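S.K.: This is the structure, below, for whatever I ask next.
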Amino acid sequence: MNRALRFSFVFALLLAGAFLVMAHEQPLLAQTTTPQAQIVGTVHDRQNQPIARADVQLRAEGSEEPLAETRTQPDGTYKLQFPAADAAPRILSVQVQRSHFAGQTLPLESGQVSRLRAGETVALPDLTLLRRVGLAFWIATLLFVLMLVLIATGKLHNTLASLFSAALLLGISYLGGAVSEDFFVFDFSGAVRYVDWNVIFLIMGMMIVIAVVERTGIFQWLAFFAYRLSGGRIWLLLAVLMVFTGIASALLDNVTTMLLMVPITVQISMALGMNPLALLLPEVLASNVFGISTLVGTPTNILIGSYAHLSFNDFLKNQTPGVLLAMIGLILYTEYVYRRELRSSGQISPVLLAKLEEGARIREPGHLKKVGWVGLGMLVLFVTGEQFELPPAVTALLGATALLLWIQPNIEEMIEAVDWTTLVFFITLFIVVGAIQEVGLISFIADFIGALVGNNLVLTMLVIIWFSAVLSTVIPNIPFAAALLPIVTFLSTTVPGADNKVLFYCLSVGAAMGGNGSLIGASANMVTAGIAERAGYPITFNYFLKKGFPAMLLTVALATVWLLVRFLVIG
């Protein structure tokens, strides 16, 4: 068994173990089958979000042991069984406790106790638990900031930075928690609960599909076709390459698109005697802009779609017009910025043209037809899947499995083509972001933004878009978007008119297009820079900032206009 298969086998075992942990962790309920009187209620935080897994106990004054106990459900509700044997007239109270919250005690009135002893159910008022800032809060916050700094500065690989932070969180929770409860953030099952498995399996399935597509040579053919379509006019070549890259990024993800487009773009540029950056930078900018038109186009959209239950159709309908408007502005901007490079480029010699054409042949036409049929089926399921409550991850896995069974490529090569590094990055990222959500940092930020915007929907939209866009230039947009999702959820329930999920589209625009503001803003930027540097054309931070930041301001402004029109004018 080779290294890739061993790794995938271990990874599968880890996933299975995670599901088993979650499956076996059931709420603690009173062990009885006979109908009894119940105490019911709901527990939530200051943002009116339900608090799950809070310990609820029925206690009698002077007693050390609880008379009954349970835990709150994911929706914050609880059902506490009243012990029928407890008939002595005692003072009773319900106590609610949870890590990182200040506990609450609610005394029961004599009338409520009498009703319980008569076999009736008593509904208690909703309880609001307040956050408690302790040592665990600062541990989770500092490790989250450390992860962002390590990623932004490049001191550690993205995956290693998030893995290091997640491992340290769990290590401190267990080892430090054994010394003092103040060190405890969450246990392993609590950490795994924050992992969005729909995102993990969607990315994994799409990676397998892309690996099969790449082998056909279709992307190399498309890049060369773009040159032929331009008729040797370099200004038109730039526009065509940007459009092709954008469309590919909407159907695949932008990182993979750039991995496939960069090599052939460098070859075309060198054959034309021009600086490849004049084509590469506009391509990656277009990739980040056009990718937000679909659910699978950018990693941030995958996160947002899964969290907010937005379908492929939702993104297509609500984002595409704004994306097209932004793309027009971006093409005009890049044509102006690179006008000198485009004018000074020459024509490709017949020898180089023949060499490029040879490298851009469709290598496996039969497989390409099969890919086309399966891809069409996946597109139909992505668009119509919401009618059957079909998760996008299932569509991706169905498409990947269908291709593997129909084409039957070397399965070891296909498994090896899955970027396990990226999957580990997402899993550990979810854990680190889950930690700051667990200890309450997200809630405090939500309170601050909520107080800032009040009940003004327009102001809220502008804050989410531009706050996301500007910060995404200095903070990689994937962890930033993951951290902001609970805040957007809170604002969507508190700001009048925001219950149509408009704020999630604002986050999508801000985080993805904001990634164009700097080299570290988006993963596609760093991937493109890495390949370009290996080809001898490094993209420096300052160069990207000088070209990309104005493009970010322009495209975000145009997309903002569309969102305001779409949700405030059209409705």
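The values are calculated or read from the model by the stated rules, or taken from the named source; none is laboratory data. All of these numbers come straight from a predicted model, not from anything done at the bench. Note that each Cβ is placed from the backbone with ideal geometry, even for glycine, and that neighbours are counted across all protein chains shown. In case anyone asks, the SASA skips ligands and DNA or RNA and just uses the protein heavy atoms, side chains included. Shrake-Rupley method; radii C 1.70, N 1.55, O 1.52, S 1.80 Å.
S.K.: Within segment 542-565, is there a residue that is open to solvent by 40 Å² or more (accessible area, probe 1.4 Å), within 20 Å of Met274 (Cβ to Cβ) and either in contact with a strand residue (DSSP E or B) (Cβ under 8 Å, 6 or more places away or on another chain) or outside any helix (DSSP H, G or I) (or both)?
M.R.: Looking through segment 542-565, none of the residues is open to solvent by 40 Å² or more (accessible area, probe 1.4 Å), within 20 Å of Met274 (Cβ to Cβ) and either in contact with a strand residue (DSSP E or B) (Cβ under 8 Å, 6 or more places away or on another chain) or outside any helix (DSSP H, G or I) (or both).
S.K.: Confirm whether Val255 is modelled with pLDDT of 85 or more and at negative phi.
M.R.: Details: modelled with pLDDT of 85 or more: no; at negative phi: yes.
Answer is no for this residue.
S.K.: Another question, then. Just to be sure, is Val94 open to solvent by less than 30 Å² (accessible area, probe 1.4 Å), in contact with a strand residue (DSSP E or B) (Cβ under 9 Å, 6 or more places away or on another chain) and closer than 30 Å to Phe183 by Cα? Give the derivation first.
M.R.: Details: open to solvent by less than 30 Å² (accessible area, probe 1.4 Å): yes; in contact with a strand residue (DSSP E or B) (Cβ under 9 Å, 6 or more places away or on another chain): yes; closer than 30 Å to Phe183 by Cα: yes.
For Val94, the condition - open to solvent by less than 30 Å² (accessible area, probe 1.4 Å), in contact with a strand residue (DSSP E or B) (Cβ under 9 Å, 6 or more places away or on another chain) and closer than 30 Å to Phe183 by Cα - is met.
S.K.: For segment 388-401, give me each residue that is outside any helix (DSSP H, G or I) and open to solvent by 60 Å² or more (accessible area, probe 1.4 Å).
M.R.: First pass over segment 388-401, keeping only residues outside any helix (DSSP H, G or I): 389-391.
Hit for segment 388-401 is Glu389, nothing else.
S.K.: When you go through Ile407, Ile487, Ile475 one by one, which is the residue that is closer than 24 Å to Asp253 by Cα and modelled with pLDDT of 85 or more? Please lay out each step first, then the result.
M.R.: On the way: Ile487 fails: closer than 24 Å to Asp253 by Cα; Ile475 fails: modelled with pLDDT of 85 or more.
Step by step, each of Ile407, Ile487, Ile475 is checked, and only Ile407 is closer than 24 Å to Asp253 by Cα and modelled with pLDDT of 85 or more.
S.K.: Within segment 286-333, can you find the residues that are part of a loop (DSSP other than H, G, I, E, B) and either within 13 Å of Arg566 (Cβ to Cβ) or open to solvent by 20 Å² or more (accessible area, probe 1.4 Å) (or both)? Talk me through it step by step, then tell me what you get.
M.R.: Let us first name the residues in segment 286-333 that are part of a loop (DSSP other than H, G, I, E, B), namely 294-298, 309-311.
The answer is His309, and nothing else.
S.K.: If you check Leu202, Leu169, which single one turns out to be open to solvent by less than 60 Å² (accessible area, probe 1.4 Å), within 19 Å of Thr300 (Cα to Cα) and touching a helix residue (DSSP H, G or I) at 6+ places or on another chain (Cβ under 6 Å)? Lay out the reasoning, then the answer.
M.R.: Working: Leu169 fails: within 19 Å of Thr300 (Cα to Cα).
Checking each option against the conditions leaves just Leu202.
S.K.: Something else: Please count how many residues of segment 208-237 are open to solvent by less than 30 Å² (accessible area, probe 1.4 Å), at pLDDT 80 or above and not β-branched (Val, Ile, Thr).
M.R.: 2
S.K.: Next question, about the same structure. Among what's in segment 410-430 and is part of a loop (DSSP other than H, G, I, E, B) and open to solvent by 20 Å² or more (accessible area, probe 1.4 Å), pick the residue that is modelled with the highest pLDDT.
M.R.: Filtering segment 410-430 for residues that are part of a loop (DSSP other than H, G, I, E, B) and open to solvent by 20 Å² or more (accessible area, probe 1.4 Å), the one modelled with the highest pLDDT comes out as Asn410.
S.K.: For the list (1) closer than 30 Å to Ala326 by Cβ; (2) outside any loop (DSSP other than H, G, I, E, B), I need the number of the one condition that Ser189 fails.
M.R.: Of everything listed in (1) closer than 30 Å to Ala326 by Cβ; (2) outside any loop (DSSP other than H, G, I, E, B), Ser189 misses just condition (1).
S.K.: In addition: Scanning for something free of Cβ contacts under 8 Å to residues at least 24 places away in the same chain and farther than 22 Å from Ala161 by Cα, does segment 468-478 turn up at least one residue?
M.R.: No, segment 468-478 contains no residue that is free of Cβ contacts under 8 Å to residues at least 24 places away in the same chain and farther than 22 Å from Ala161 by Cα.
S.K.: Still on this model: Condition (residue is crowded, with 23+ Cβ neighbours inside 10 Å, within 27 Å of Met204 (Cβ to Cβ) and in contact with an Asp or Glu (Cβ under 7 Å, 6 or more places away or on another chain)) applied to segment 464-483: is it met by at least one residue?
M.R.: Taking every residue of segment 464-483 in turn, none turns out to be crowded, with 23+ Cβ neighbours inside 10 Å, within 27 Å of Met204 (Cβ to Cβ) and in contact with an Asp or Glu (Cβ under 7 Å, 6 or more places away or on another chain).
Residue-wise test of (1) open to solvent by 70 Å² or more (accessible area, probe 1.4 Å); (2) farther than 22 Å from Gln49 by Cβ; (3) in contact (Cβ under 8 Å) with a residue 60 or more places away in the chain.
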| site | (1), (2), (3) |
| --- | --- |
| Leu116 | no, yes, yes |
| Leu127 | no, no, yes |
| Val133 | yes, no, yes |
| Phe137 | no, no, yes |
| Met147 | no, yes, yes |
| Leu150 | no, yes, no |
| Asn158 | no, yes, yes |
| Ser173 | no, yes, no |
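S.K.: Continuing with the same structure: Considering only segment 373-387, state which residues are open to solvent by 40 Å² or more (accessible area, probe 1.4 Å) and over 19 Å from Lys317 (Cα atoms).
M.R.: Residue satisfying the conditions is Trp373 alone.
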